[in-house]
Amino acid sequence: MMRAVHQAGWGGREQLSVRDLPRPVPGVGSVLVRVMAVSIHAGDHHMLSGRPYLIRLLGRRDVPGMDFAGVVETVGGPAVGSSADTETVLAPGDHVLGTADVRCGAFAEFVCVPLGNVVLKPANVTWEEAAALPTSAETALQALRSGGIGSYEKVKSGHRVLINGGAGGVGS
């Protein structure tokens, strides 16, 4: 069992309570992480409120929360996660940061996510800093890789990039 925030319905904080719930079990290709810190951003608000209403098509999650940092507890199946650039081998005890994305579940003592949703946490980054990174950093990287400069050219090594409003997460 684990302690977790439970979401009873769409709405505001009145829909949230803390409960004892079963600890998730990682399947093949996923990892169970003991959560050390979480962050809250606009996506969490959308998943709680169900607004815009299009969010409701995804279905309500019992345990909210997307972004987290924590310690690998167990790995289901092969312990290799892959991203666009590298392969990372994970083992119990590794410090990681990641996102549960719209599957949610991070506002708990444990979260289970696909291996590709976590990366090793740099040693010089605190748990709280690491938890604030996943969605915001991935969105910024996606914009740099595919958003391009002007209408036609993608950002490449040697280009200069202006970061405007880099004080917070997505949409700030």
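The values are calculated or read from the model by the stated rules, or taken from the named source; none is laboratory data. From a predicted model like this one, the values you see are computed outputs, not experimental measurements. Note that each Cβ is placed from the backbone with ideal geometry, even for glycine, and that neighbours are counted across all protein chains shown. Please note that ligands, DNA and RNA were not included when accessible areas were found on the heavy atoms of the full protein model with its side chains. Shrake-Rupley method; radii C 1.70, N 1.55, O 1.52, S 1.80 Å.
Determine whether residue 34 is open to solvent by 40 Å² or more (accessible area, probe 1.4 Å), charged (D, E, K, R) and modelled with pLDDT of 95 or more. Spell out how you get there, then give the answer.
On the way: open to solvent by 40 Å² or more (accessible area, probe 1.4 Å): yes; charged (D, E, K, R): yes; modelled with pLDDT of 95 or more: yes.
It is true that residue 34 is open to solvent by 40 Å² or more (accessible area, probe 1.4 Å), charged (D, E, K, R) and modelled with pLDDT of 95 or more.
Take residue 46 and tell me if it is under 25 Å from residue 128 (Cα atoms), of a type outside the set (Gly, Ala, Ser) and free of Cβ contacts under 8 Å to residues at least 12 places away in the same chain. It is true that residue 46 is under 25 Å from residue 128 (Cα atoms), of a type outside the set (Gly, Ala, Ser) and free of Cβ contacts under 8 Å to residues at least 12 places away in the same chain. Restricting attention to the stretch 1-32, the residues being over 23 Å from residue 46 (Cβ atoms) and either under 21 Å from the mean Cα position of the chain (by Cα) or among the polar types (S, T, N, Q) (or both) number 12.
Selection of the stretch 1-31 for residues being over 30 Å from residue 72 (Cβ atoms) and open to solvent by less than 40 Å² (accessible area, probe 1.4 Å) yields 9, 11, 12.
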